[in-house]
Amino acid sequence: MLQFYEKCKKAVIEGDSDLALKLATEAIDKNKPVLDVIEKGFVKGIEEVGRLWEDGTFFLPELVMGAEAIKKALSLLNPILSDQQTKGFKKGKVVIGTVEGDVHDIGKTLVATMLSASGFEVYDLGFDVGVDSFIEGADKWGVNCIASSALLTTTMQKQRGIIEKLKERGIRNKYTVIVGGAPCSRKWADEIGADGYAKDAVSAVTLVGKLIGGD
Amino acid sequence: MQNIPQISWFEEGKLESIVKEAINILSSTGVYIDSKDVLSLVGEAGIRIANSRAFMSEEAVRNAIGSAPDRITIYNRFGNSVMDIGGWNLYFNPGSSAVQILRYGEGKTTTPVSRDLAQFARLTDSLIGYDAQSTALVPGDIPETIADRYRLYLALIYSGKPVVTGTFGLDGFEPMSEMLRVVTGGEKELRARPIAIFDCCPKSPLFWSELAARNLVDCAKAGIPAQIVPMPLAGATSPVTLIGTITQHCAENLSGIVINQLAMPGAPVIYGGSPACFDMRKATTPMGAVETQMINGAGAQIAKHLGLPSHAYMALSDSKTVDYQAGMETSMSALVAALSGVNNVSGPGMHNFQTCQSMEKLVLDHEVCMMARRFREGIKFREAGHSKEIIQEGIKKKQFLSLKSTLKWYREETYFPDAVIDRDIGEKGADLSEGEILKRASDRVAELLVSHNFVTLEAGKSEAIEEIMLREAKKAGIGKLPELPE
């Protein structure tokens, strides 16, 4: 089995989505312990990808390809986990989107990919997302965290709008709210009363892990 | 060359007219040679001599150009070829012979000592963008009379890279070439695989001192590449017009090539220099001036027209410290050098009118040189004709980051600078002092000096060159060499 876990790990490190999918299929077909395949194989792979990113060996393409590979594998493996296993593996739910008036979503997509690769259940609303849609999505999927992205100084005000709307409806404390995007900063997050700010996709995973994932 | 971005200063016809005028100057005005031996050599070749001036005919000059090689291969201490000086190849090495150092981490300018030069050589060794080292500093803790050979001695100990160097006195060439013979394995080996380039500097206008002229001859006979480094100063020691200075610079180079090739036809010689404009307001020689860059860039094009390898003193600054001016002048100059086709660029690390070297600047200039190199590589036709498919795939995936094409090419398409260059995501309101470039450079110098594993000179060779150096020191009246870092 150890050899099989190693293969799964390697597929993620090498960003080989096809191989990751093939290994996930093999795990199911041969009745391998799915939770172990995820945790001792694929997750170890994405952890290594994260480490290589942190130390500067991997750059964005390797990071995203690794994340896509594990996402592919999890898309097959997650549905067959038992409820209890899912509970143990899943870290939390996040709804994410780029705010209204803003169509720049590469950073947001990256954060969504990395979050789901790291065990979060992610609902990506895309770009040009209205304040109400964020809140409706959060309510519909019962998420723990609302993450919004803005690239423009003009649209970042919508991030404040999300928090104000949550307050208005008396549900601010129901959700952890985080912000990101080029013009944002920790100071901005503090100013609008957000719970956190992350400068990039990897630190977003760390941030969300701390805030809702029990890390 | 295909797709190499380049600056063309003159059309072909104009280039030839400059060369013709330079030859006309040499045949009619002549060049002063302050060396009986060299005058005899030149005279024996049929060149008219009068009052120590050699009047070089067009035939003599054309013959010399014809016999000089169009490329020169330079080797490192390990016998590997590392520079192919010629064509559109581009190499960088630090500026040479600074009499001051802006000591890293201290921010103060002082007279360098042996330890500084040893560290400088080691730092140069650690930076891959420098193809050669130079004897960058003149250490103040050794008598001037033996400083030339002592600098080479330190360079050979502390770095495996080839050395751009030169002599300070007539008795310097022999011990220096002796050291080079020891390191390469002998006279034949040094000739076959030269590891040093000697700068030979005529005085402007058109004057070869005994030292410089003899160096040209000695280098030719030993097979050591000679780099001709005239320094005409527009309006001070050469015509004020840029074209006038470029023409004189050409004549000075050609006269050196004639002497060198008469000593040994086919000897490796480089059309080089450190010409500059002259600041009539401050009476200074601004190396960072845009006109200096133009003169040097044009010189490289003339060298190319003549089929000769080229050199220039560029990628340096006149600023007294490592600041905006230093970055601006160095960057502009490096880029002009790269785009003009200068083969061997000397200058990085240097500032304050070629008088001072800084290790922090050397680290920062390294990034400038790497970027200039990337610029010169130009735009490659990678996956040309397939852009449509790639764009379609990117649209489908909603991003291009995880495309196979991205993974395949991104590291080759993009130069990723060292961390001294700030490309981090800036958090507004962060403490700006944390990001000061000078501090980052200073930290990087300290880190490289500790972490870089330079390969020491083989046992036997190390002792042999030490023995040569001790012998020279004894002649200068000192029995012990300064203490050196490990």
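Taking amide H as placed 1.01 Å from N in the peptide plane, the amide H of A:Phe127 sits under 5 Å from that of A:Thr98, each at least 5 places away or on another chain. Eigenvalues of the alpha-carbon gyration tensor of the stretch B:16-162, scaled by 5 and square-rooted, set the equivalent ellipsoid semi-axes at 38, 21, 15 angstrom, largest first. List residues of the stretch B:249-273, by number, whose backbone nitrogen lies under 11 Å from a label position 7 Å along Cα→C-beta of B:Lys221. Inside the label zone: B:263-264. What the Cβ-Cβ distance of B:Ala476 and B:Tyr324 gives, at R0 = 41 Å and to the nearest 0.05, is a FRET efficiency of 0.45.
Think of each Lys and Arg Cβ as +1 and each Asp and Glu Cβ as -1; about the Cα centre, that makes the dipole of the protein assembly as shown roughly 840 debye. Of all DSSP-defined beta bridges confined to the protein assembly as shown, some 25% are antiparallel rather than parallel. Approximating the spin labels as points 7 Å out from Cα along Cα→Cβ, the B:Ile390-to-A:Glu48 distance works out to 2.9 nm. With Cα atoms defining each centre, the stretch A:139-193 and the stretch B:328-352 are spaced 49 Å apart in the structure. Contact-buried residues of the stretch A:88-112, at a threshold of 40 Å² lost accessible area versus the chain by itself: A:Ile106 (1.4 Å probe; DNA, RNA and ligands ignored). Between the amide H of B:Val82 and those of B:Ile74, B:Tyr75, B:Asn76, distances stay under 5 Å, these residues lying 5 or more places away or on another chain, with hydrogens modeled in the peptide plane.
To the nearest 0.05, how large is the calculated FRET efficiency for A:Ile106 and B:Ala283 if R₀ is 56 Å and r is the Cβ-Cβ distance?
The calculated FRET efficiency here is 0.55.
Dividing the convex hull volume of the alpha-carbon atoms in the protein assembly as shown by its residue count gives 195 Å³ per residue. With contacts taken as Cα pairs under 8 Å and at least 6 residues apart, chain B reaches a relative contact order of 19 percent. By its C-alpha gyration tensor, with a ≥ b ≥ c as the square roots of the eigenvalues, how is the stretch B:69-377 shaped: rounded for a/c under 1.5, else prolate for a/b larger than b/c, else oblate? Because its axes are fairly even, with a/c under 1.5, the stretch B:69-377 counts as rounded.
Distance from the Cα centroid of the stretch A:8-84 to that of the stretch B:358-405 is 28 Å (rounded to whole angstrom). For chain B, the longest principal axis of the alpha carbon atoms and the long axis of helix B:210-222 meet at an angle near 80°. Between A:Lys187 and A:Leu76, the modelled label-to-label distance comes to 5.0 nm, taking each label 7 Å out from Cα in the direction of the beta carbon. Between A:Glu39 and B:Lys20, what is the label-to-label distance in nm when each label sits 7 Å out along the Cα-to-Cβ direction? For the pair A:Glu39/B:Lys20, the computed spacing is 8.7 nm. Anything over 25 Å Cα to Cα? Flag those among B:Lys161/B:Lys221; A:Lys10/A:Lys199; A:Lys158/B:Lys404; A:Lys91/A:Lys187; A:Lys108/A:Lys174; A:Lys40/A:Lys90, in the order listed. Checking Cα-Cα distances, A:Lys10/A:Lys199; A:Lys158/B:Lys404; A:Lys91/A:Lys187 exceed 25 Å. For the stretch A:9-88, the convex hull drawn through the C-alpha positions has a volume of 76 cubic angstrom per residue. Give the shape of the stretch A:91-212 as rounded, prolate or oblate, defined through the alpha-carbon gyration tensor: a ≥ b ≥ c are the square roots of its eigenvalues, a/c under 1.5 means rounded, and otherwise the shape is prolate if a/b is larger than b/c and oblate if not. Taking the square roots of the gyration eigenvalues as a ≥ b ≥ c, the stretch A:91-212 is rounded. At each listed q (0.13, 0.15 Å⁻¹), what is the log10 of I(q)/I(0) that the Debye formula gives for chain A modelled as equal alpha-carbon point scatterers? Summing over Cα pairs of chain A leads to -0.72, -0.91. Looking at the stretch A:1-75, the trypsin sites (Lys or Arg not before Pro) that sit in a DSSP loop and have at most 16 other Cβ atoms within 10 Å of their own Cβ are A:Lys30.
Would you please name the trypsin sites (Lys or Arg not before Pro) within the stretch B:274-349 that are DSSP coil residues with at most 12 other C-beta atoms within 10 Å of their C-beta?
Passing sites in the stretch B:274-349 are B:Arg281, B:Lys282.
Against chain A, whose longest principal axis is taken from its Cα atoms, helix A:201-212 shows a tilt of about 80°. Compute the acute angle (0 to 90°) between the alpha-carbon long axis of helix B:324-340 and the principal axis of greatest extent of the alpha-carbon atoms of chain B; round to the nearest 10°. For B:324-340 against chain B, the angle is about 70 degrees.
Between B:Ala446 and B:Ser40, the FRET efficiency from the beta-carbon distance, with R0 = 60 Å, is close to 0.65.
The values are calculated or read from the model by the stated rules, or taken from the named source; none is laboratory data. Everything numeric here is computed off the predicted structure, so don't read it as measured data. Using ideal geometry, Cβ is built from the backbone for each residue, glycine included, and neighbour counts are taken over all protein chains shown. Areas reflect the complete protein model, heavy atoms only, side chains present, ligands, DNA and RNA absent. Shrake-Rupley method; radii C 1.70, N 1.55, O 1.52, S 1.80 Å.
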